[in-house]
1. Determine whether Arg274 is basic (Lys, Arg), assigned to a helix (DSSP H, G or I) and in contact (Cβ under 8 Å) with a residue 24 or more places away in the chain.
2. Look through region 1-34, keep the residues that are open to solvent by less than 30 Å² (accessible area, probe 1.4 Å) and modelled with pLDDT of 95 or more, and return whichever of them is farthest from Val100 (Cα to Cα).
3. Could you grab me the full set of residues in region 311-328 that are closer than 19 Å to Ala254 by Cβ and open to solvent by 50 Å² or more (accessible area, probe 1.4 Å)?
4. Taking region 89-124, which residues are part of a loop (DSSP other than H, G, I, E, B) and open to solvent by 40 Å² or more (accessible area, probe 1.4 Å)?
5. Of all residues in region 186-207, count the ones that are closer than 11 Å to Leu169 by Cβ and open to solvent by 20 Å² or more (accessible area, probe 1.4 Å).
6. Do we have Glu206 as farther than 25 Å from Met117 by Cα and part of a helix (DSSP H, G or I) here?
7. Which pairs do you get when a residue that is assigned by the TED database to the domain that holds Gly125, found in region 86-103, comes within reach of a residue that is among the basic types (Lys, Arg) and open to solvent by 10 Å² or more (accessible area, probe 1.4 Å), reach meaning Cβ atoms under 9 angstrom, with the pair 6+ apart or on two chains?
8. So, in region 62-88, of the ones that are in contact with a helix residue (DSSP H, G or I) (Cβ under 7 Å, 6 or more places away or on another chain) and assigned to a loop (DSSP other than H, G, I, E, B), which residue ends up least open to solvent (accessible area, probe 1.4 Å)?
Amino acid sequence: MRRRDVIAGLGGAAAWPALAAGPAKGQRRLGILLVYGEAHPDSPVIVDTLKESLNRAGWIWGQNLAVDLQYGNGEAERMRGQAEEILARKPDVVLAQGVVGATALQRATTTVPVVFMMLQDPVGGGFVSNLSRPGGNLTGFTNFDFILVGKWLQLLKELSPGVTRALALINPDYRARLAGYTAEMARIGPELGIDARIAGVHDAAEIEAAITGFAAQPKGGLIALPDAVTGVYSQRIVDLAAAYRLPAVYAYAAPVRLGGLAAYTTSVEQDVQRAAGYLDRILRGAVVGDLPVQASERFITLLNLKTAATLGLTISASLMAKVDELVE
């Protein structure tokens, strides 16, 4: 995606050459590396929420805060280059979305403060050595723990009690995260009468091959684990689930609003607001290594009633009572 410098009040992008001189006198600089593409439905939510949250803290985009915003579209190699571009502009702090964004920045700098959000297992992934006192140049907010696999499998079983097989999709390249989800699925699956397995996917073609092969046998359901690949290709997963009449549970809300069946997830707005609080503190002089890594505090369940009806599912009263948002 293209390079952008977001200017408050204008809603547009300044020309790239005009940025060479750096921020104006008195300005601070914020870099933002998003794992999603600009067209992803969550991207404007993230950007607008971040802008509003920082404005409330006194940081006005384009005035006392210069902002360099990059959209990675889930491509690790592209994001490594974007991280270098952001750092070349000498930011005071950088916001990184997800494992791919945090990895790109971790490899590129050991000194510039980085706040991550929507990330899993920061200790196992090697991003911080300690949750309470990270100590290095990264800290931030996690959204999911491996134990949430049980929530996603349980939701799938409640939606479709006949399910005995589950295929969970995730990028396999981040080994600590893959091992964590695999172990938890092996532990929880048998308790629910589900043979739960993971398919490693990197792109739309691998997603289609995995789902097509899985759908050849009956009584199956899908889980889209939290990942850049499943996020970027969420519409493709939704479409394939519909084509093969597979009940599917998602780790994020956006796919449900795109036609997916259900999600157990966090609030994107909440995740961004909390990250903005750390950005504000670092811009005001806080030491990044002294700020503890924090986990999401609130989880919500979404259900697409139209998709449930299309799949012929009967939603129990007990499940309906747990639903926070109905999509019709």
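1. Details: basic (Lys, Arg): yes; assigned to a helix (DSSP H, G or I): yes; in contact (Cβ under 8 Å) with a residue 24 or more places away in the chain: yes.
So Arg274 passes the test.
2. Among those residues, the one meeting the criterion is Arg29.
3. Initial filter on region 311-328 (closer than 19 Å to Ala254 by Cβ): 323-328.
Residues satisfying the conditions are Asp324, Glu325, Leu326, Glu328.
4. Lys90, Asp92, Thr110, Thr111, Asp121, Val123, Gly124
5. At the first step, the residues of region 186-207 found to be closer than 11 Å to Leu169 by Cβ are 197-202, 206-207.
Still in the list and also open to solvent by 20 Å² or more (accessible area, probe 1.4 Å): 197-198, 200, 202, 206.
So the answer is 5.
6. Yes; evaluated as a whole, the condition is true for this residue.
7. Note: pairs meeting the criteria are Pro91/Arg28; Asp92/Arg28; Val93/Arg28; Val99/Arg177; Thr103/Arg80.
8. Per the stated criteria, the residue is Gly72.
The values are calculated or read from the model by the stated rules, or taken from the named source; none is laboratory data. All values reported here derive from a predicted model rather than from experimental measurement. Counting neighbours? That spans all protein chains shown, and the Cβs are built from the backbone with ideal geometry, glycine included. Remember, those area values only see protein heavy atoms, side chains included, never the ligands or the DNA or RNA. Shrake-Rupley method; radii C 1.70, N 1.55, O 1.52, S 1.80 Å.
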